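The block underneath contains the structure these notes are about, expressed in C-alpha cells.
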Amino acid sequence: MLVEDLIEQTLILVKPDGVKRGLVGEIIKRLETTGLKLVALKMIKPSKALAEKHYPKDRKEFIEGMGKKTLENYQEVGLDPIKMLGTDNPHKIGLMIREWLIEYLTSDPVVAMVWQGPLAVSLVRKVAGNTLPFKAECGSIRGDLAFDSSALANTQKRAIKNLVHASGSKEEATYEIPLWFSKEEIVSYQRIEELVML
Ligand code: ADP
Ligand code: MG
C-alpha cells in the first residue's frame, strides 16, 4: 500500500452560529493542532442551490439517517416525535430537518475548509464531536463550545446549532468538496509533520 492511498481530504464548514459567535479561530486552531493540513478555505454566504446540493434530498441514507438518529434521541430523552414533529416516520423527519438545515446554512456566512491528512475524515469527526452537543465528548468542538439540543431546536422548528459540519465518510467528502471548491482552489504544500511521519 502507498502512503498516498492513506491520505484523505474532508470538508469542514464553520456554520453561521460559529461565525457569529466568533469561534472561527478557535475551531481552526483545534483542527490545525492535530497536524492535519489546511488545503482550502473561503468565507461564503451559501446560495439556496448550494445548500440544497450539500444536503441532497435523494440521498436516502442521509435523510433517513437523520430521522432515525432523531427518533433514537427522542426515545432516550423521553420526547414524543408525534407531538414535537407531527410524525414518527424517519424519512419525513429527515426531510423536515433538511429544510431547516437549508434555512440555517443560507442564513449568514459560513467558513468552508478542506483539511487533508491520514484518516482526515475520522480525525475531524472526532475533533468535531457527536452531532448532539450533550453527547459530544469534552475536548471536542461541539462538546466544549455548544449546548443546543433537538428539544430546543425542534420546539423552534429549526436545525440544531452545533457549530460545524464535517464530512461523515470518505464518500461524503468526495461528493461535498467539489460543491464548495474548484480544483484550482485546493492548494499543495508541505507541513512539517510530513517530514517527520510520512
Ligand atoms: P452530523 O452533522 O454530525 O454529520 P447529521 O448528518 O446526522 O449530523 O445531521 C446534519 C445536521 O442536521 C446536524 O449537524 C444538525 O445541525 C442537524 N440535525 C440533526 N438532527 C436534528 C434534529 N433532530 N433537529 C434539528 N436539526 C438536526
Ligand atoms: Mg452528517
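The values are calculated or read from the model by the stated rules, or taken from the named source; none is laboratory data. Predicted, not measured: the structure shown is a model, and the values here were computed from it. All Cβ positions, even for glycine, are placed from backbone atoms using ideal geometry, and neighbour counts span all protein chains on display. Ligands, DNA and RNA are stripped out before the accessible areas are found, and what is left, the full protein with its side chains, is counted by its heavy atoms. Shrake-Rupley method; radii C 1.70, N 1.55, O 1.52, S 1.80 Å.
Here are the numbers for this structure:
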read-out	value
Cα pair count fraction exceeding 20 Å, expressed as % - the chain	57
Cβ-Cβ FRET estimate between Phe62 and Glu26, R0 fixed at 25 Å, reported to 0.05	0.35
Segment Glu193-Leu38, length gained on full extension (0.36 nm per residue, minus Cα span)	54.5 nm
Lys/Arg +1, Asp/Glu -1 at C-beta; the chain dipole; positive extreme among Met66, Tyr175, Ile160	Ile160
Prolate/oblate/rounded call for segment 103-165, Cα gyration tensor, a/c under 1.5 rounded	oblate
Gain upon complete extension [Asp108, Lys183; 0.36 nm per residue less C-alpha separation]	24.5 nm
Surface accessible to a 1.4 Å probe, per residue, for the residues of the chain, Å²	53
Of Gln9, Val19, Ile141, farthest towards positive along the dipole that unit charges on Lys, Arg, Asp, Glu beta carbons give the chain	Val19
Fluctuation leader among Val14, Val39, Val114 - the chain, Gaussian network, Cα springs under 10 angstrom	Val39
